[in-house]
Amino acid sequence: MLIPAKPKAWCLEAGPEASGSHTLSCKGHIVHNWKARWFILRQNTLLYYKLQGGRKVTPPKGRILLDGCTITCPCLEYENRPLLIKLKTQTSTEYFLEACSREERDAWAFEITGAIHAGQPGKVQQLHILKNSFKLPPHISLHRIVDKMHDSSSGIRPSPNMEQGSTYKKTFIGSSLVDWLISNSFSANRLEAVTLASMLMEENFLKPVGVRSMGAIRSGDLAEQFLDDSTALYTFAESYKKKISSKEEINLSTVELSGTVVKQGYLAKQGHKRKNWKVRRFVLRKDPAFLHYYDPSKEENRPVGGFSLRGSLVSALEDNGVPTGVKGNVQGNLFKVITKDDTHYYIQASSKAERAEWIEAIKKLT
């Protein structure tokens, strides 16, 4: 998942010579727009390809040499894109890569960092220890925690705080948030609370303010970057305010988007009107069961479409020809979802295994 200077989307493919693969979004160097790209990680090089009809187009559109690169994860330079990784090459070229989940982002950051430090076994061993130490407490709803934090009577109350001679309005200190998470039974101890606070920051519910907390973010390490400290300042991210700016958005957030995310990934989808195929980031939620899809080229983190899975049917389509209802020369790894109101969605995965995983996940919620 790599993105040059501005956002783009991408895919990574596992193969005999590849150490990892996935679809990611990346940002272009010249035209600063985000595009979906298919990525392949090979030893010290990250290749990326154009996508057409849900498949990669050869030869590669570009490559990123990882020797001498520095990696920043999480990268918080784009407020509405909390799942970014930034790579800076020896020639100071910056690539921004976007994943579709924190787990995917961290997995790729780990693999890419391992490739960068391939000649340093001690450093790779440290990364393995670090990867296993960062765990999100199970069955935690980040949205519920943030709503509780905004509660007027029992939540976090931002106030002016001073750091190194500067006063920052509407902030709270890191150790106070850790105390609050423990006192409200969201965490059992300070280590869990720091992990949870880091997640809230990485998912763009919180943001660092001032020299102390920003310095931890810029370190680029893969460890927890939230500071349990009385001098580190944080505040609520603006994106939370935007999400509750209208009744319509409140209803969307509290109903459709309130479910627990059970699966995410990039898939190709056929449009209803023009019947053209575009790469979308799909998010599957339960309680309530919804499947939403997002445009990876858009800055805002709002779905461009979605539907309830209650009463829906999902099935694989044959790979020996273009099935009825599918337009264009698109074959292989297709499946169809028919909603309760008889709307047909045609979707393409990057492999048969991925298609089977999506079908199984959706069937559990219909």
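Mind ranking K278, K352, K340 by accessible surface for me, highest first, 1.4 Å probe?
K340, K352, K278
Along the Cα→Cβ direction, 7 angstrom out, place labels at T91 and K298. What is the inter-label distance in nm?
Simple spin-label model gives 3.5 nm for this pair.
Give the ranking of K364, K336, K50, K275 by solvent-accessible surface, highest area first, calculated with a 1.4 Å probe.
These residues rank, largest area first, as K364, K50, K275, K336.
Mind jotting down a quarter of the surface of the convex hull over the alpha carbons of region 274-346, in square nanometres, one decimal?
For the Cα atoms of region 274-346, the hull's average projected area reads 5.6 nm².
What accessible surface, in Å², does a 1.4 Å probe find on Y293, ignoring ligands, DNA and RNA and rounding to the nearest 10?
Approximately 20 Å² of Y293 is accessible to the 1.4 Å probe.
Which value, in Å² rounded to 10, gives the accessible area of V146 with a 1.4 Å probe and all protein chains present?
Taking all protein chains as shown, V146 has close to 0 Å².
Compare R302, R310 by solvent-accessible area with a 1.4 Å probe and give them largest first, with all protein chains kept in place.
In descending accessible area the options line up as R310, R302.
Apply the a/c threshold of 1.5 to the C-alpha gyration tensor of region 314-366 and tell me whether it is rounded, prolate or oblate.
Oblate, since a/c reaches 1.5 and b/c is not below a/b.
The values are calculated or read from the model by the stated rules, or taken from the named source; none is laboratory data. None of the values given here were measured: they were computed from a predicted structure. Here the Cβ is made from the backbone with ideal geometry for all residues, glycine too, and neighbour counts use every protein chain on show. All accessible areas refer to the heavy atoms of the entire protein, side chains included, with ligands and DNA or RNA removed. Shrake-Rupley method; radii C 1.70, N 1.55, O 1.52, S 1.80 Å.
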